[in-house]
Every structure is written in C-alpha cells, then in structure tokens.
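So the structure is just underneath, and the comments pick up after that.
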Amino acid sequence: MKAAVLEAVKKIVIRNNVPPPAIGPRDVLVRARACGICGTDVHIWEGDFFPTFPLIPGHELAGEVALVGREVEGLRPGDRVMVDPTLTCDECHFCRINRQNHCLKWNAVGVTRDGGFGELVRVPAKNCYRFERVSFGEAAFCEPLACVVFGQDRARIDIGSEVLVLGAGPIGQLHLQASRANGAAAVTVVDLVEAKLDLAREHGAAFTVVADNALPEKLRKIAPYGFDVVIDATGVARVFGDAIQYVKNGGRYLVFGVCGPHDKVEVSPFEIYRRDLEIIGSFAIRRTYDRAFRLMERGAVDVKKLLSEAIPVEELPRGLEMMKKGTAPMKLQVVF
Ligand SMILES: [Zn+2]
Ligand SMILES: [Zn+2]
C-alpha cells in the first residue's frame, strides 16, 4: 500500500510498497479516505513529542471498512466509519478514575502507532463510528471536534456566558460553534486574518476583531469587565501571557492550542489569586468522541466550510510546511 512514512525528525518518505497491517480478531482494517493534517502532526514531524520512528502519522481519520477481524460484530466491509484514535488500557490508575486521556499506557492511532496517512489502517472495531449523512472530509473532522467537546466540558461554559475565542482557524471555528451550542450569549473571535473572521461571522460570531495593537481597547468595548471564558486556539505561547487580561474576575482561561513543549511565558500569580482566575488545560479526547459524532451526524456543528484543501499523500510535506508557517487557509486533508 501507499503511505507517508516518518522515518526520522522532519524526514517523510512516500512509499508505495508498505505491507498492509495485520489485524487482530477485534480489529478492522480501514481504507483511509480522508485524514486531516493537525498542529500535532507538525509537532510529531519536528520531533517535539511522541517520536516513535518509523511512524505513519494521521489521527483525524475517516474511511471505509476493508476487512473485519473474526470476533467483530456490527461492522462489515464497505461501511463508512469515523475513527476515534484513542487507545487506553482501561486498567491503570487514570483509566480507573475516568481520566482515560492520562492513561499510563496511552496510545493513539496516527500518533504512537500507524495512522491515516497510509492507505490501510489497523483500528480496534470499538473505535469505529459508522456514519451515513456526511462526506468523508466532514467525517474526518470528528476527531478535532471530540477534542473541542472535551475542552468545552473543561471550560464549563454556562448558558448566557460571554466567550472569547483567540484564533479563527479550524479549531477556533469549532470552539465558536460549540460555545454557541453550549448557550453562550455572544462569542467574540480574534484573528490576524480578515478572511478567517468573515467565516467566523458566518458561523455565528457576534463580534470579530483583527488582532493589532488596539486589541485590548477593542475588546474592552465589547466586554468592559472581560469575558467569562477565554479560549486560546492559537498554539502561540505569547498569546497566553497577553490574553489573561481579557478574562473576567472569576472567569476561566482554556489553554487549547498546542504550544511547543519548551515554550515559556511570564504570568502574574498575584493576578490569578487576586482575580479568582482559573487556568484550564485540555488534552486530547476523554470519552467525548461519541458526543462529537452526534453533533456531526445531526448537523449541530457544520464543518463544510472548514475544508480548504484536499491533497494527495505525496504532498503531505508541503501541507505540513503550510501548517507550520500558518499559511493554510483552513483545514488541509490528505485524501486517497
Ligand atoms: Zn489533532
Ligand atoms: Zn490506562
């Protein structure tokens, strides 16, 4: 089969003769149709984390069942499935306290073992969600949406909240839609790029603001006391230090965009203490894929306009470069 193999840091080789993976009795073999390129892939590619070489990356996967293991029930070849990449042991301390995303044996398809930038992918049957109503490209959005649903749970958006989303890329656009579904009274979205803000307005942003030197002032006009919840969907470390000021006293700041593991910023512990702030993290998916699947299948979240380019796997290195430079207009996906 054809696959993009990460053989070392920043070394992706397109191979046409990779043997298809063998599957166990409870696995299925999924023929990849669409697989999103994510900021995490850039980090993996650059060796920041999860460096297990050789690796076929790609964790935002939708495809068709090609083969099922002998103990698999309820799935047949030809079924269209979205894939929750999360693999947990269900036995360790963190699994036992329902924090499966911190499983001591945490693994993920396309992160620590081969994923969707190869034509055929081995996946446990229990990680597959059969779908009918959306395209493969839309279905591949269910994985980032499941991360967003977990982030929204962590940020606890109360009905009537004022929410600020920093960054209007695909993740920011999903947080915008999810915040509205959670009952935010108004969502304000900030980005450097006008076109992304236009799209945010189409997705129901009450206010959009171009990030420039006048940003603090512009945001103060919208929310004089600050925002109940600020969601950082930029992955730019400096934003964290700059944007804590936009949280209302007693409010919450969700660190969602993925920064580099060695990035540092300066924050004032006094400010966190004095203003009752909550700084909240959110890693990957914690049993939220099921709800993301429902949001997707029922059309409560619309991802059609978040797809900017479908590329063949040969162009994965170009896609990763675009992601790194921030020049991708919206989500890039590898299609087979
Ligand atoms: Zn991702
Ligand atoms: Zn575990």
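Descriptive notes on the structure:
- Of all residues in region 105-147 being among the β-branched types (V, I, T) and part of a loop (DSSP other than H, G, I, E, B), the one that is most open to solvent (accessible area, probe 1.4 Å): T112
- Those residues of region 99-122 which are of a type in the set (S, T, N, Q) and out of contact with any Lys or Arg (no Cβ under 7 Å at 6 or more places or on another chain), in sequence order: T112
- Residues being of a type outside the set (S, T, N, Q), assigned to a loop (DSSP other than H, G, I, E, B) and more than 16 Å from ligand 1 (Cβ to nearest atom) - total across region 24-67: 7
- Residue list for region 68-96, filter: within 16 Å of ligand 1 (Cβ to nearest atom) and not in a strand (DSSP E or B): D84, P85
- Some residue of region 112-126 being within 16 Å of V18 (Cβ to Cβ) and of a type in the set (K, R): yes
- For region 275-332, a tally of residues being basic (K, R) and without any contact (Cβ under 8 Å) to a residue 40 or more places away in the chain returns 5.
- Options T40, T52: the member that is at pLDDT below 95, open to solvent by 10 Å² or more (accessible area, probe 1.4 Å) and closer than 20 Å to P312 by Cα: T40
- In region 43-70, the residues that are over 23 Å from A125 (Cβ atoms) form Cβ pairs under 8 Å with partners that are open to solvent by 50 Å² or more (accessible area, probe 1.4 Å) and part of a strand (DSSP E or B), at six or more places apart or across chains, as follows: T52/R113; F53/E7; P54/E7.
- Only a single criterion out of (1) open to solvent by 70 Å² or more (accessible area, probe 1.4 Å); (2) not in a helix (DSSP H, G or I) is not satisfied by A310, namely (1).
- Scope region 105-161; condition in contact with a Phe, Trp or Tyr (Cβ under 9 Å, 6 or more places away or on another chain), of a type in the set (A, V, I, L, M) and away from ligand 1 (no atom under 16 Å from the Cβ); matching residues: V134, A155
- Only residues that are assigned to a loop (DSSP other than H, G, I, E, B) and either open to solvent by 20 Å² or more (accessible area, probe 1.4 Å) or at pLDDT below 95 (or both) were counted across region 220-232, and they come to 2.
- In region 86-104, the residues that are open to solvent by 60 Å² or more (accessible area, probe 1.4 Å) and of a type in the set (S, T, N, Q): N98
- The one condition from (1) in contact with a Phe, Trp or Tyr (Cβ under 9 Å, 6 or more places away or on another chain); (2) aromatic (F, W, Y); (3) more than 16 Å from ligand 2 (Cβ to nearest atom) that F94 does not meet is (3).
Per-residue answers, yes or no, for (1) under 22 Å from A146 (Cβ atoms); (2) surrounded by fewer than 23 Cβ atoms within 10 Å (Cβ to Cβ):
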{"site": "I157", "(1), (2)": "yes, no"}
{"site": "L164", "(1), (2)": "no, no"}
{"site": "G172", "(1), (2)": "yes, no"}
{"site": "R180", "(1), (2)": "yes, yes"}
{"site": "A184", "(1), (2)": "yes, no"}
{"site": "L192", "(1), (2)": "no, yes"}
{"site": "A200", "(1), (2)": "yes, no"}
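- Among the numbered conditions (1) aromatic (F, W, Y); (2) over 30 Å from D90 (Cα atoms); (3) within 19 Å of the chain's Cα centre (by Cα), the only one that F227 does not meet is (3).
The values are calculated or read from the model by the stated rules, or taken from the named source; none is laboratory data. All values derive from a computational prediction rather than experimental measurement. Here Cβ is always computed from backbone atoms with ideal geometry, including for glycine, and neighbour counts include all displayed protein chains. These area figures cover heavy atoms from the full protein model, side chains too; ligands, DNA and RNA do not enter into them. Shrake-Rupley method; radii C 1.70, N 1.55, O 1.52, S 1.80 Å.
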